[in-house]
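Read-outs throughout are calculated quantities, based only on the coordinates presented, and are distinct from any laboratory measurement. The structure displayed is predicted, hence computed values, not measured ones. For neighbour counting, all protein chains shown are included, and Cβ atoms are generated from backbone atoms with ideal geometry for every residue, glycine included.
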Amino acid sequence: MQRIAQVIVMWAVFMLAGCDQAAHVPLVPQAIVGTKAVIRAHGKDLSLEVTDVAEKIVTTELSDWNGELVAQRHFYRGLYPVAGTEGTNQWELEFDHAKLESLFPLSVGKETSFTGNMRDISSGKTYEFWVNLTVAGETPFTLPDGTYTSYVVDIVTKYAWNGEMRRKNEVVYYAPEFSMNLKGVMQEATSQRYWRVISLERPGQASSRPNSGRQRSSGTVMI
């Protein structure tokens, strides 16, 4: 009888330990539908909203200050874009998502690589690509309502385009608490793009958006 009791206790401890570990690696992202952010890119402010969270895919919509939709993105765990729409252009990536999942939970030094195909749904064309992601560092990221942990993720992409190989280097600052990238710098050939979240609010929070006199341009800035 004592032996049986010991086995039951050990099983209970094991299950509790398993539950605790699972709590640190959620099956679904921490993103919340209705979360809104203001993004500053090259002097222009844009509005981003989380519109859907389905399993491990976080969908966001980017709009200008006139409320016009600029782009829609579907991110794996909010980190890496797997599909998107800009105007009449629509695309999606086909690859093994388990390769991305191997990065989670994020920690400095983790790395993954994978190959796949990008389908340009608008034109019907398919392009091959190769990607390497490395968790290069951990750093605090300050927003108006507080400071959050962010991971610096280096993303190198090589892809075939019209018969030639191209390379894109990108660095994003990813916040697990929001399952969202809070900052990004992208370099490709001679061009460079930079953007940063300057305020973020979840449903029910008091607005922390900055009240500035900056010009609200009707132009768009892709990020």
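Just flag the chymotrypsin sites (Phe, Trp or Tyr not before Pro) in segment 54-141 sitting in loop per DSSP whose Cβ has no more than 16 other Cβ atoms within 10 Å.
On the way: sites: TRP65, PHE75, TYR76, TRP91, PHE95, PHE114, TYR127, PHE129, TRP130, PHE141; in loops: TRP65, PHE95.
Within segment 54-141, the qualifying chymotrypsin sites (Phe, Trp or Tyr not before Pro) (loop, at most 16 other Cβ atoms within 10 Å) are TRP65.
Set the bar at 23 Å for Cα to Cα. Now go through LYS56/LYS183; LYS125/LYS168; LYS110/LYS158; LYS44/LYS125; LYS36/LYS168 and name every pair that lies beyond it. Show your work: numbers first, answer last.
Details: LYS56/LYS183 21 Å; LYS125/LYS168 20 Å; LYS110/LYS158 20 Å; LYS44/LYS125 32 Å; LYS36/LYS168 28 Å.
Pairs exceeding the cut-off: LYS44/LYS125; LYS36/LYS168.
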Cα extents of segment 41-116 along the principal axes, largest first, in whole Å, come to 40, 26, 24
Which log10 I(q)/I(0) values, to two decimals, does segment 66-162 give at q = 0.10, 0.20, 0.24 Å⁻¹ under the Debye formula with one point per Cα? -0.35, -1.07, -1.24
